[in-house]
Amino acid sequence: MRNISYVLVIMTIICFFSCKDDDLNETLSADSDLIQCKITIPESFQTKGSPIDSEKDPLFKTIGLLGYKTDVSFENTTNPTSAFFPNVEVQKSSTGNWLFDKKYYWPQTGYLSFFAYAPYATSTNGITINNLQTGVPTLDYTVPHAVADQPDLMVAAQQLNLFKKEVPLAFSHALACIGFEVNGNNVPIDSIGITGVYTTGSLLLSLTNGMPVWSNLSGLSQDFYKVGLVSSPEATNPSQPIMSANGYLMMIPQSLDDNAAIVVKFKGMDPKKILLKNAGTAQWKAGNKYIYSLKEGTYSFSAAAQNNTVDYTGGIYNLNINSIYTKQNGEVVNMGWTAKIIDPTTKDTSWISNMEELRNQLGGSNLNRTLTAEIGAFTSTSDIDQFLQQKAPVDSLNMIDLSLIRNYYSSSNCYLVNAPGWYKFPCWVMGNGMLSSVSSMYNTNSLNNSCYKKTAPFFVDYSGNSITKDVDLLINTSGASADLLWMDALNLITKVQLSADKNYIMFYVDPNTIRQGSGVIAIRDATGHIMWSWHIWVNAWALTDFTYNGRTNYYGNNIGVCYPATYTYPQRSITIEFTQNQSNLKTQVVLTQTSELIEVYLNNPYYQWGRKDPMPGAYGTTSQTKPLYGPQQYKVEPGPVPMSQAIQNPNVFYTNSGNWSSENNNYLWGDPINDSYDKTIYDPSPISFIVPSQNMLSVLKVNKWSDQYVGLGFIYSYTGGSSTIFFMGTGKRIGETGGFNSNVYSNGFYWTNTNSGDQYVGMEVAKAGNSVQITPYNSSQGFSIMPVQNAPYPPNN
C-alpha cells in the first residue's frame, strides 16, 4: 500500500482601502504655474512578487497621466479630450523624484482635470490605452500569462476642475491578489494556479465610491495561470512559505462561477481542480488579497488477489481493490482507479474465461470493489485431439444430421462426432424412437414401434405417463428450450439451440477446442423441466468404419471412452496494473495459472442399469471425477426413485444398497427372456448398437490381461474370422456411494441387458489371475457398457 496527499481549501482575505496621505513624493517648486503632483498608494499590498506598499517602493516607477483642459467644468463640457496630457508617462528618478519628460504649466484660464494609472502601459505588462480619449478615459488590460509580467495595476481617484494647485493622485489597487499556502506531509509540489476566470477587461480611470470600475470582461481562460513558487516547494506541517518573491497572481476582479477553479499538482499526481466557489470565494474584489490554504489528506491504494494461484483445472481469482483518500478531518472518500493488462505471457488471453467482462470492469473509472477473474482449464491437446483438430470443419450450411445415415433416419440416445463443425439431431422424439426413410420423416409412420413394451410394466416419459402406443414417443417442443447440461472437456460443445421449426437441436464443435470427450444436451418444457437428454460423444473414429459381420459384432470400445493422453500445461500469467485517479499511485497484481504435466488414464462414463444417462468417468490415477463444465454438475442423491425422476435429472447418480429404481421393470434395456435385438428407448448405445445380452457373451473366449490396452483380452469369432477385443479396466461407481472402487484400472465392470430375479447380470474382468466373473448385481451400480451391433446400416436401429 502506498500513501500520498491532497488538499482541503481554506481562504483568507486581506482588504486594503486606506491610503497614506502624509508622504509627498514630489518636491514642489516655488514656481506656482508649474504642474506638480502629490502621489499616495494603499498600505501593505504585496503584489507581483515584491510588495508595493508605498509610493517609495522601487517597483513603483511609472505613471500614465491623462489631462483635460476645459473652459468650464469637466462635467459641463461636451466631449472633453485628453489632448493637454495625452497619456504622458511620469517616471521616478533615481533620487525618488517624479519627473515629466518636460515641464508642463498651468494655463492662465480654464481648468485642468487629471486621470492617472500605474504602471505606464508597455508591450509586456498587458496594459493598452489610447492616448487621445474623449470623456472619462479607460484602459484595456489582459492578464499576462507569466506571473512575473503581471503588474500591480492601480488607478487614481480622478481630479476634476483644478486651477493652479497641487494635483493629489491617490492610487487604489485595481486588481485582486491571489496566493497560496500548503499544509501537508512533505509532499513535493509541481504547480499551483488558477483557471476558468476572465483575463481581459476594460478599466475606467476613475473611482466610484472609492472603488475601481471594470467592464467588458472576456477571455475566459482555458489555460493554467501559475503562481511563482520557491525552489523545491513542498507541502509541510506546519506550512512553510512556498510563494516566490514575485509569485502572486494579479487577476481582474470578478464574480466566480463554476468554471473558476484552483488547479494544484503534486509530483507524480494528476492535476486536481477545486472550484473556487467551493473554497468559499464567490467574488474577487479589487484591492483584496486572497490567500488560499491548501491542506492535504492521505491517499491509500492497494490491489490483491484473495487466493495465490490457480492450477490447470481452472478456478477463480477474486481481486480486492481498495482505493481511498483520507481528509485531514478523518473523513474517508472512495477514490476511482483505472487498470490495464500490461504483461500477458500469451497473446491469446481466452484462457481467462470472462476476459471480455474483466476488460470492461477494468476500463473507465471504478470505486472500491471486488473483481472476479475466471481462469479456464487448460485445453492442451494430445495426439488424438490434434487428429480431430486437423479434420475439415462442417459449416452451418452443410450441417450434419447425426440421425441420418445412408438415407435413413435412426434416432438415438448417443450420437458420435468425429470432426469439428455444426451438427443437429431430432428432438421431437424420444431417444431410439425413430426409424424412417427420408420420405416418411416427422410422422407416426416413422416411429419405431419396437422400442417400447406393449404390455405392463410399461415404459414412462418424464412426467410418468405410460408409453403404450407410438405417438407416446413424441416430445412436445412447443415452448421448449435446449441447453447444454455438462461436458468433460472445456468448450467442447457450444452454441446449443433449437432449430426454427423446433424439430432439431443444433450445436457447434469448435475446431480450436475439439478433443475426445462427452457432453449431455437436454430439451426442457416451458416450465424448465427436462423432457429428454442426449449423450454427445466426440471421438477420433467414425461408427461407420466398422463392418457388420454378425449379430454379435462388438463395437470394441466402451461407450464414451477416452484413450490415455499426456497433457503438458506451461505456466501462464497476466499482470494487471492498477492506477489510482488523481494520485497516479500504481500497483500490480499477477494472475498465474501454474504449470502441470498430466497423464490422463483410460476413462469412460458409467451407467446405472436401465438408464440412458452417462455418469462422468474417473480422471487420472486418483479416481476423481473428471472436471465438468456447464451448468449441471455430477450429483449423488439417495434412491430409489421412479424412472420419470431419473429422466428429469440425467446428471444425478441415485444411490441405494439395492436398486436405484422404485419401479420393477426388467425390460428397460431389452427383452431378457427372448434375447431380442430390439433396442429400447432407454438403451444408451449409439445408432445400430445395443447393450449386449448375457447370451451374447458366449461367443467370447478369454485371452489375457494387457497393460497396453488396460484391459482383459477376449477372442471372439464371427463369420469369416476372429478378432481380439479388450474389455477395459476402467473400474466402476459404487451403487451405495456413487464414488469409485479402489482398484480402478485393475478391473472393469460391464452391464448386460439381462436380469436375474430382481438383479441384473454384469461381468467383472480383473487383472489378477486374468479372471472373469459373470454374476447378478444391483441396478444402482455404475458400470461400463461395451455395445454390440444389432443390425447393419440400415435398416434396423
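Observations, loosely collected:
- Full-extension gain in nm, Asn259 to Phe458, via 0.36 nm per residue minus C-alpha separation: 63.3 nm
- Cα-based shape type of the stretch 644-728, given that a ≥ b ≥ c are square roots of the gyration tensor eigenvalues and the cut on a/c is 1.5: prolate
- Nonpolar atom fraction for the stretch 411-521, defined as the carbon and sulfur part of the 1.4 Å probe accessible area, stands at 47 percent.
- Solvent exposure of the chain as accessible area per residue, Å², 1.4 Å probe: 41
- Gap separating the Cα centres of the stretch 188-257 and the stretch 514-531, nearest whole Å: 72
- Once both labels are positioned 7 Å from their Cα atoms along Cα-to-Cβ, the gap between Ser231 and Lys267 label points is 1.4 nm.
- Note on Asn334/Glu599: beta-carbon distance plugged into 1/(1 + (r/R0)^6) with R0 of 41 Å gives a FRET efficiency of 0.25.
- Of the Cα atoms belonging to the stretch 561-667, the radius of gyration and Dmax stand at 22.3, 75 Å.
- Segment Lys165-Ser623, length gained on full extension (0.36 nm per residue, minus Cα span): 153.3 nm
- Under the shape rule built on the C-alpha gyration tensor, where the axes satisfy a ≥ b ≥ c, the chain is prolate, since a/c reaches at least 1.5 and a/b is greater than b/c.
- Accessible area ranking (1.4 Å probe, heavy atoms, ligands and nucleic acids excluded), largest first, for His535, His529: His529, His535.
- Computed from backbone phi, the HN-Hα couplings of the stretch 127-143 come to 9, 10, 8, 7, 5, 9, 10, 10, x, 4, x, 9, 10, 10, 9, 10, 5 Hz, rounded to whole numbers (Karplus: 6.51 cos²θ - 1.76 cosθ + 1.60, θ = phi - 60°; Gly and Pro given as x).
- Taking amide hydrogens as placed 1.01 Å from N in the peptide plane, the amide H of Met531 sits under 5 Å from those of Ile523, Arg524, Asp525, each at least 5 positions away in sequence or on another chain.
- FRET efficiency estimate (nearest 0.05) - Cβ-Cβ, Asn307 to Asp343, R0 35 angstrom: 0.95
- Per-residue extension of 0.36 nm, minus the Cα-Cα distance of Gln283 and Lys391, leaves a gain of 31.1 nm for this segment.
- With R₀ fixed at 30 Å, the C-beta to C-beta distance from Ser94 to Thr122 puts the FRET efficiency at about 0.95.
- Label-point gap, in nm, between Gln633 and Tyr105 - each point 7 angstrom along Cα→Cβ: 11.2
- With both labels modelled 7 Å from their Cα along Cα-to-Cβ, the Thr142 to Lys495 distance reads 6.4 nm.
- The separation of the stretch 92-171 from the stretch 605-650, counted between C-alpha centres, amounts to 100 Å.
The values are calculated or read from the model by the stated rules, or taken from the named source; none is laboratory data. This is a predicted model, so every value here is computed, not measured. Positions of Cβ are backbone-derived with ideal geometry, glycine not excepted, and every protein chain shown enters the neighbour counts. Note: areas computed on protein heavy atoms with side chains; ligands, DNA, RNA excluded. Shrake-Rupley method; radii C 1.70, N 1.55, O 1.52, S 1.80 Å.
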